[in-house]
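Enquirer: This structure is in structure tokens; I'll ask about it shortly.
The values are calculated or read from the model by the stated rules, or taken from the named source; none is laboratory data. Given the structure is predicted, the values throughout are model-derived calculations rather than measurements. Cβ atoms come from the backbone with ideal geometry, glycine included; neighbour counts cover every protein chain shown. Please note that ligands, DNA and RNA were not included when accessible areas were found on the heavy atoms of the full protein model with its side chains. Shrake-Rupley method; radii C 1.70, N 1.55, O 1.52, S 1.80 Å.
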Amino acid sequence: MSAVEALKAARAAGVELALDGDDLALKAASAPPAAVLDALSLHKAQIMVLLRPAEDGWSVEDWQVFFEERAGIVEFDGGLPRAEAEAQAFACCVVEWLNHNPECSPAGRCLGCGDREHAHDPLLPYGVEPAGHVWLHSRCWPAWYEARKAKAASALAAMGIMASKPDISVTACA
Ligand SMILES: [Zn+2]
């Protein structure tokens, strides 16, 4: 079991984890399975890192909880099969990750091909982040956006967030 998996297993077993100074605080209504406790103590240092918010304000645990909540809503309230619920929740995580990790590029150069603006081929601003815009030719946008989504998907996978049938074609999140 990796640290990311141990964190998920602990939550699934009803264990609440929190940072307590230099220590890891555990809260559970009943005694957690020995395998979970072993994994937690084995990966303690790394789990503490996973509980710490990253630059974008969310910890790995925040992302896992967000994914599980979305999947649960779609599965139970929406009545969809688990695989589909996970695919939708995953798409929501991708959208959320892109919002958390905005990119901006200086005006005058296309972030996709590096070329400048031409009269017949204007550069368009994409994105509404306060951080700024990304400037791209409209023909360069699809490939750039696919690459951004792939980056989001691999960042999410590294946090243990995966769907059995990932669908990152979704660009909005219900
Ligand atoms: Zn371009």
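Enquirer: Once fully extended, how much extra length lies between Asp56 and Ala13, figured as 0.36 nm per residue of separation less the alpha-carbon to alpha-carbon distance? Please report the intermediate quantities before stating the final value.
Expert: Details: separation 43, 0.36 × 43 = 15.48 nm, distance 2.78 nm.
Between Asp56 and Ala13, full extension yields an extra 12.7 nm.
Enquirer: Also, I was wondering about something else. Charges at C-beta only: +1 for Lys and Arg, -1 for Asp and Glu. How large is the resulting dipole of the chain about its Cα centre, in Debye rounded to 20?
Expert: On the way: 14 positive and 24 negative charges, 76 e Å.
Here the size comes out at about 360 debye.
Enquirer: A further question follows. Note down the accessible area of Leu111, probe 1.4 Å, to the nearest 10 Å².
Expert: Only protein atoms counted, so the area is about 70 Å².
Enquirer: Quick check for you: with a 1.4 Å probe and neighbouring chains kept, what is the accessible area per residue of region 20-174, in Å²?
Expert: Details: 8830 Å² over 155 residues.
Result: 57 Å² per residue.
Enquirer: Still on this structure: Based on the alpha-carbon gyration tensor of region 1-108 and its eigenvalue square roots a ≥ b ≥ c, which shape applies: rounded if a/c is under 1.5, prolate if not and a/b is larger than b/c, or oblate?
Expert: Working: a/c = 2.72, a/b = 1.29, b/c = 2.11.
Because a/c hits 1.5 or more and a/b fails to exceed b/c, region 1-108 counts as oblate.
Enquirer: What relative contact order, as a whole-number percentage, does region 91-161 give when Cα pairs under 8 Å and 6 or more residues apart are counted? Before the final figure, lay out the partial values.
Expert: Values: 81 pairs, mean separation 23.5, N = 71.
RCO, region 91-161: 33 percent.
Enquirer: Please work out the Cα center distance from region 8-68 to region 69-119, rounded to the nearest Å.
Expert: Answer, in whole Å: 26.
Enquirer: Given a Förster radius of 30 Å and the C-beta distance between Arg139 and Ser164 as r, what FRET efficiency does 1/(1 + (r/R0)^6) yield to the nearest 0.05? Please report the intermediate quantities before stating the final value.
Expert: On the way: r = 34 Å, r/R0 = 1.13.
Approximately 0.35, to the nearest 0.05.
Enquirer: While we're on this one: Would you list Glu117, Glu68, Glu75 from the most to the least accessible area, probe 1.4 Å? Please report the intermediate quantities before stating the final value.
Expert: Working: Glu117 100, Glu68 75, Glu75 45 Å².
So the residues, ranked largest to smallest area, are Glu117, Glu68, Glu75.
Enquirer: For Cys113, what accessible area in Å² do you get when you roll a 1.4 Å probe over the heavy atoms of the protein chains, rounding to the nearest 10?
Expert: Answer for Cys113: close to 70 Å² accessible.
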